[in-house]
Amino acid sequence: VGHHTGASQACELAAAHPDRVSRVVLHGVPWYTDEEREERLARLHVDTALQADGSHLTDRWNWIFGRVGKVASLEACQMNAVHAFWAGDTEWYCHQAAFEYDMTRALKAITQPTLALSNSGDLIHYIWERLKGLRPDFRFAELDDGCVYIIFDEPERWVNAVIDFIKSDA
């Protein structure tokens, strides 16, 4: 099971070690085009440098809230901010790796039953339709609304979608 960057990792693991993975759940698949990867890499860094007046906290909050504040809970936004500062200067490493990675080979190589899960409020939900074109054999499940933090904000709804797949004959 992988979400966003974790979906890249789950995809690669399933493709590289089919004998170790029996089913795959990919939520919010970051299968970017070359152009999308270049655009994301160009705006990779968000300044988290500490400021004596605490403005770094407000700046990060405004950045997060501006992206998802209308649909995410305050707790989810706070979690994002805390994690960013907790990671410190290396916070951007995982996104750089995700944006540089082209999942195409691994997506094509998956042989296990796979659930591609997405929610309509996710920032990368648009990729879901593209994935359907590449792998119509995957099982697809869409959750209405939510945001990138749906797993945090609505864990029961998300887990139920995953459980339905795991219990199925796939």
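At a glance:
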read-out: Under 15 Å from residue 132, Cα to Cα: aspartates and glutamates that are on another chain or at least 8 residues apart; value: 142
read-out: Interchain or long-range residues, amide H under 5 Å from residue 143's placed H; value: 118, 119, 120
read-out: Size of electric dipole in the chain: Cβ of Lys, Arg +1 and of Asp, Glu -1, about Cα centre, debye, nearest 20; value: 460
read-out: Charge dipole of the chain about the Cα centre (unit charges at C-beta), most positive-ward option of 61, 96, 118; value: 118
read-out: Portion, in percent, of the accessible area of the chain that falls on carbon or sulfur, probe 1.4 Å; value: 53
read-out: Relative contact order (%) - criterion: Cα under 8 Å, at least six apart; region: the chain; value: 29
read-out: DSSP-loop GluC sites (Glu not before Pro) across region 35-103, with at most 16 other Cβ within 10 angstrom; value: 91
read-out: Prolate/oblate/rounded call for region 1-60, Cα gyration tensor, a/c under 1.5 rounded; value: prolate
read-out: With at most 16 neighbouring Cβ atoms within 10 Å, loop chymotrypsin sites (Phe, Trp or Tyr not before Pro) (DSSP) excluded, longest segment of the chain; value: 1-91
read-out: Accessible area in square angstrom per residue, region 11-164, 1.4 angstrom probe; value: 56
read-out: Förster radius 30 Å - calculated FRET efficiency between residue 34 and residue 13 (Cβ-Cβ, nearest 0.05); value: 0.80
read-out: Nearest-ten-degree value, helix 5-16 long axis tilted from longest Cα axis of the chain; value: 30
read-out: Contour excess over end-to-end distance, with Cα ends at residue 65 and residue 50 and 0.36 nm allotted per residue; value: 3.5 nm
read-out: Theoretical gain in end-to-end length, residue 83 to residue 42 [0.36 nm per residue, Cα-Cα removed]; value: 12.6 nm
read-out: In region 27-73, trypsin sites (Lys or Arg not before Pro) in a DSSP loop with at most 15 other beta-carbon atoms within 10 Å; value: 43, 70
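The values are calculated or read from the model by the stated rules, or taken from the named source; none is laboratory data. Every value quoted in this text rests on a predicted model; they were computed, and no experiment measured them. Backbone-built Cβ (ideal geometry, glycine too); neighbour counts: all protein chains shown. Remember, those area values only see protein heavy atoms, side chains included, never the ligands or the DNA or RNA. Shrake-Rupley method; radii C 1.70, N 1.55, O 1.52, S 1.80 Å.
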